[in-house]
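The values are calculated or read from the model by the stated rules, or taken from the named source; none is laboratory data. Just so we're clear, the structure is a prediction, and the values are computed from it rather than from any experiment. In this analysis, Cβ positions are derived from the backbone assuming ideal geometry, glycine residues included, and neighbour counts consider all displayed protein chains. We work out accessible area using only protein heavy atoms, side chains counted, and drop any ligands, DNA or RNA first. Shrake-Rupley method; radii C 1.70, N 1.55, O 1.52, S 1.80 Å.
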Amino acid sequence: MANLGQKLQRWPLEAWSSVVLVMLPIALLFCWGLDFHSLRRGEETNLVESAHYWRTTLQNYGFTPTSLFDNLGRSPLPIWLISLSQIIFGQGLWGDRLLGALLNGASLPLLYWLGKELYGRRWPALLTAVVYGTAPTVVYWARVASINSFILPLTIAYLASALFCRRDLRGALPLGLTLSALALTNLPTAIVLLATSLLFLYWDTPRLKSSFLFWIGFILGLMPAIAWWLGHSSLPSSVDLLTGIDFISGSPWPTKLRGWFWLLASAPGLIFALHAFPQAQQALHWSWARFLLCQAGAYSMLVIISPWSSTSLVMPLLVVLAVAAGLTLAEVRQESLTWVYPPWWRRFFLILGGCAGLGAMAVYHAYGRGNLTTWTAQDGVLTILVLVLLALTLAMTSLLLDRQRSEFINVLFWGLFVCLFLVIYTPLSYLPPRSLPDVMVSTVSTTNQLPARL
C-alpha cells in the first residue's frame, strides 16, 4: 500500500483531472436513462426472461448441482449476472441492464491501464479510452442486456491480464479466469482470443512457454469453464460440443457479416487505427506492434475463416482498434506542427457529414408526410437535431483536418459524445441489433415492441 501511495503521489494533477474528465462522462453515458426504452426483441428479451426464470426457479426449489446447467443454454454467465443484477437493483429495466452498464464503465480505467502498459505513455492510453467510450457500437451494447455487453469488458480484462503476466507470473491466474468467463459467455470468442493471445505471448515473451508457474496459474484459472462445459456435455439433454458452438460450415453470409456491420458503425473514431498498422509492421521489435498485429491482424483472419456466425466474435476488435487509434491520435496531438494528415481523412469525414445531413432531411420529409406514425413530435425534432449536430461535427472535423489543426480531436469526440447522449432520448437508440438484409426483409411492425416491465 505504501508503494501504491507513492506512485499515486507522483501522478501530476493534470493526469488525474484528464482521466476523470474523460471517464466520468463516458460512464454516465453508459448508465443514464436505461429505462427510457423497452427491451429489444431477440437476444435481450430472451436473456432477461431466462435470467428471471432461472432466479425464480432457484427461489422456489432451492439450489441443486443441476441448477448450474438447466435452462441456461450455452451462455450461462450473462444469465447469472443479469439474475444478480435483478436481485441487487430490482426487477425492471434498470435491474436488467444496470450491472452490464456498470461493468462497461468500470472497464474504462482498466483500458487506460492497458494502453499505458502497452505504450508507456499517458496520452495514447487516454485517447484510447476516448475512442472506445465514444464508439456508437460500444455505447449501444453497454446499455442493453446482451452477450456483447459482457464480452467487451471481459475482453479488456483478458488483454490487460495478458500484458500483465509478461512481467509478473501472478497474472497467469487472472488470465485463465477471464478466459473462463469469456468461455462461459461466448465460447467461439474465447477460442479465437486464446489462439491470438498465446501467439502474442510466444512472440513477445517466449520464456513463458517454459514457465511451470505460468501454466499452473493459467490452467487453474481455466478450471471453472472446463468443469462447466464437461458437466454440460454430460447431461442427457445437452448437445454435442461442436454443435453447441455452432461449428457449422456454410453459414449465411449476412449473419457472418453482421458483426462487421457493427464495427463499421464506429468508423468515425476507429478509422484512425488504420494508420497504426503500417507503423507496426516497421516496428516489430516493440511489444505494441506485436500486440496490434496479433490481436487485430491475426484475430481478423481467424474470424474470417472461422465457421462460427456470431456478432460477438467481432467485438474484441473494437478494443484493439481503439488501442491502435489512440496511438495515432497521440502522435497527431504531440507532433501537430510536423504531422501531415492523410488527405483521405478529410474526404472521409466530409462524406460522412453529408450522409448525416441527408439523413436529417430524409427524417424531416418522412415525418412531414406521416410515414413515421409511431413517432411523436419530440421524437422527430430530437432525431433531426441529433443528425444535424452530427453533420456539423463531421463537417467541422473535415475543415480542421484540411487546415492541419489538431483541434479536430476535441471537436470530433466531444461532438460524438453529445450526439450519443442526445440519441438516448430518440427512437434511434431503439434500433434493433439486426443486419441490413434482415431489416430489408422484415415485415414486423414496430408497434409490436414489448412494453417496458415495471
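The table below gives the values:
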| read-out | value |
| --- | --- |
| Residue list for the range 372-388, restricted to those being open to solvent by 50 Å² or more (accessible area, probe 1.4 Å) and within 29 Å of the chain's Cα centre (by Cα) | 385, 388 |
| Residues of the range 161-172 classified as within 18 Å of residue 195 (Cβ to Cβ) and touching a Phe, Trp or Tyr at 6+ places or on another chain (Cβ under 8 Å), total | 4 |
| Odd one out for residue 140 among (1) open to solvent by 10 Å² or more (accessible area, probe 1.4 Å); (2) at positive phi | (2) |
| Residue in the range 330-344 that is without any contact (Cβ under 8 Å) to a residue 60 or more places away in the chain and farther than 27 Å from residue 125 by Cβ present | yes |
| Subset of the range 51-103 [among the small types (Gly, Ala, Ser), surrounded by 18 or more Cβ atoms within 10 Å (Cβ to Cβ) and assigned to a helix (DSSP H, G or I)] | 51, 83, 85, 95, 100, 101 |
| Hits in the range 295-316 - residues which are crowded, with 23+ Cβ neighbours inside 10 Å, among the polar types (S, T, N, Q) and within 13 Å of residue 188 (Cβ to Cβ) | 310, 311, 312 |
| Per-region count, the range 151-174, residues open to solvent by 10 Å² or more (accessible area, probe 1.4 Å) and not acidic (Asp, Glu) | 11 |
